[in-house]
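K.L.:
Okay, here's the structure, questions in a sec.
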Amino acid sequence: MGGTDDLDVTGATSAPTPDEESSTALVPAAPDREAPAGAETVAQRSADDILELIFTPTPRASPAEQAERALRRPKALVYVAMSNRTFYWRQQLTKFVLDEGRVPITPFMMFDYYLLHTVPKELVREAMNNLIARCEEMWVFGPLSLGLKVQVGIAKRMRKPVRYFDISELPYRVVGVPESMAKDEA
């Protein structure tokens, strides 16, 4: 019916209500009405762009692309230190380090519990010390046993950063603590 639909009795143009604005924002303007140039298409295009981002599957990186990314930005190796009494948390702690953007070196994942005592302990300890030397930092989880204190001492003598974590609230959370608050094993 022309442009007279928006006229009130006095002949002035009435302002649209908030409901009318939102319901007509994506509807093209009537041919006899003048809308801001590109207003509807910009709103439509950005909604389509967002939907495209949501519903377009993201391609997975090929093994070669993954290797290239790792070589360009290698992540820090973290020695995951824990007592024999808390080794049952090894998987959760390994996941924690991965979630923090580091690469965990978890001896209890590699050697299980001293390879179920099928090799001499001294051989496993030597391998663990070698891993400490190769890692950039050490993260200590839970109470400190004598063996764990020795590992921390090795890391400190090699000038490796050592961080301490309280795991008393696992599986819910791991809390970073200062060295002075790290507890000895009972």
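Since every read-out is calculated from the coordinates, none of them should be taken as a lab result. Computed from a predicted model, the values in this text were never measured in an experiment. Heads up, the Cβs are rebuilt from the backbone with ideal geometry, glycines too, and the neighbour counts pull from every protein chain shown.
K.L.:
Counting other C-beta atoms within 10 Å, and keeping those with at most 16, which DSSP coil chymotrypsin sites (Phe, Trp or Tyr not before Pro) do you find in region 97-186?
P.N.:
In loop regions of region 97-186 (DSSP not H, G, I, E or B), the sparsely surrounded chymotrypsin sites (Phe, Trp or Tyr not before Pro) are Tyr113, Tyr172.
K.L.:
Report, by chain and number, residues whose modeled amide H sits under 5 Å from the one on Glu100, excluding near sequence neighbours (fewer than 5 apart, same chain).
P.N.:
Amide H to amide H, under 5 Å and 5 or more residues apart or across chains, Glu100 pairs with nothing.
K.L.:
Check which residues have an amide H placed less than 5 Å from Lys75's amide H, if you skip close sequence neighbours.
P.N.:
When sequence neighbours closer than 5 places are left aside, there are no close amide H contacts.
K.L.:
While we're looking at this one, here's another question. Near Phe87, within a Cβ-to-Cβ distance under 14 Å, what is the net charge of the other residues, with Lys and Arg +1 and Asp and Glu -1?
P.N.:
In short, 0.
K.L.:
While we're here: According to the square roots a ≥ b ≥ c of the eigenvalues of the Cα gyration tensor, what is the shape class of region 75-181, taking rounded for a/c under 1.5, prolate for a/b larger than b/c otherwise, and oblate for the remainder?
P.N.:
rounded
K.L.:
Let me ask you something else. Residues with amide H under 5 Å of Leu144's amide H, sequence separation 5 or more or different chain, H placed in the peptide plane at 1.01 Å from N; which?
P.N.:
Sorted by chain and number, the residues that satisfy this are Lys183, Asp184, Glu185.
K.L.:
Karplus couplings for region 93-100 from phi (6.51 cos²θ - 1.76 cosθ + 1.60, θ = phi - 60°), rounded to Hz, Gly and Pro as x?
P.N.:
Going residue by residue, I get 6, 4, 4, 4, 5, 4, 5, 7 Hz, with x marking Gly and Pro.
K.L.:
From the backbone phi of region 169-186, what are the Karplus-calculated ³J(HN,Hα) couplings (6.51 cos²θ - 1.76 cosθ + 1.60, θ = phi - 60°) in whole Hz, Gly and Pro given as x?
P.N.:
Working through the residues one at a time gives 9, 5, x, 7, 6, 10, 10, x, 9, x, 4, 5, 9, 5, 9, 7, 5, 7 Hz.
K.L.:
Still on this structure: Tabulate in residue order the Karplus-calculated ³J(HN,Hα) for region 49-54, using 6.51 cos²θ - 1.76 cosθ + 1.60 with θ = phi - 60°, rounded to whole Hz; enter x for Gly and Pro.
P.N.:
4, 5, 4, 4, 5, 6
K.L.:
Charges only on Cβ, +1 for Lys and Arg, -1 for Asp and Glu: so what's the dipole of region 75-181 about the Cα centre, in debye to the nearest 20?
P.N.:
Dipole about the Cα centre, nearest 20: 220 debye.
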